[in-house]
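A quick write-up on the structure given underneath.
The values are calculated or read from the model by the stated rules, or taken from the named source; none is laboratory data. Remember, it's a predicted structure, so these values are computed and weren't measured experimentally. Here the Cβ positions follow ideal geometry from the backbone for every residue, glycine too, while neighbour counts run over all protein chains shown.
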Ligand SMILES: C[S@@+](CC[C@H](N)C(=O)[O-])C[C@H]1O[C@@H](n2cnc3c(N)ncnc32)[C@H](O)[C@@H]1O
């Protein structure tokens, strides 16, 4: 997979200096942001879906929120981050990007946050990219805010290959996270209210389309 990802990365258009600066900062400071093939595929899917409103769980330094806002100029992005330092950095980057009118960032733990703090009543798309062991809880809390026909996207569904490893080979700290992630994957793939696919792109992108009931 890495070979194909590198091949694809070599074919992608040149990014602007601001985006490269963010990627370099993330690399230096060990901030996990979407990898190149995942973000490009994700932006491609969004440009097909054309959401007007996107809710993101897990902003980190605002990289994916800024990329979404750049590629969907008519959309508004609401993004939630619980880490104070990353939140501050994201605020700075969003301001510097000139996309502050399009992006609203909330500093909160998305699992404890009062849902009333969201300025939109409902969203066309939800992007879950936060604690991997909590995906089911994020999904259960925020998917009701997604419109019928809307899409829920989740990144890192393969957790860098760990979902294929034997439990015994995993560090104890990682075991329950991977177990939760796999349970969530099984649950959502067969959920009757969503049409779900798992794309073997980047670190695994899940797409769940909310059925019109
Ligand atoms: C993989 S990073 C997000 C990367 C970002 N989406 C990007 O590609 O630019 C995950 C982020 O989720 C945040 N996070 C984890 N659990 C969270 C929670 N319960 N509420 C809000 N943020 C959370 C972490 O602090 C971390 O910054």
Exercise. Could you tell me which residue of region 68-80 is farthest from the ligand (Cβ to nearest atom), considering only residues that are crowded, with 23+ Cβ neighbours inside 10 Å and assigned to a helix (DSSP H, G or I)?
Key: 69
Practice problem: Select from region 81-114 the residues that are more than 10 Å from the ligand (Cβ to nearest atom), exposed (fewer than 14 other Cβ atoms within 10 Å of the Cβ) and either modelled with pLDDT under 95 or not in a helix (DSSP H, G or I) (or both) and list them in ascending order. | Solution: 98, 100, 101, 114
Self-check item: Failed item in (1) within 14 Å of the ligand (Cβ to nearest atom); (2) more than 19 Å from residue 123 (Cβ to Cβ); (3) surrounded by 12 or more Cβ atoms within 10 Å (Cβ to Cβ), with residue 56 passing the rest
Solution: (2)
Quiz item: Within the bounds of region 182-200, is there any residue that is under 14 Å from residue 78 (Cα atoms), surrounded by 14 or more Cβ atoms within 10 Å (Cβ to Cβ) and free of Cβ contacts under 8 Å to residues at least 40 places away in the same chain?
Solution: no
Quiz item: Is there a residue being within 23 Å of residue 135 (Cβ to Cβ), at pLDDT 95 or above and surrounded by 12 or more Cβ atoms within 10 Å (Cβ to Cβ) anywhere in region 19-27?
Solution: yes
Exercise. For region 125-148, state whether one or more residues are assigned to a helix (DSSP H, G or I), under 20 Å from residue 197 (Cα atoms) and away from the ligand (no atom under 15 Å from the Cβ).
Key: yes
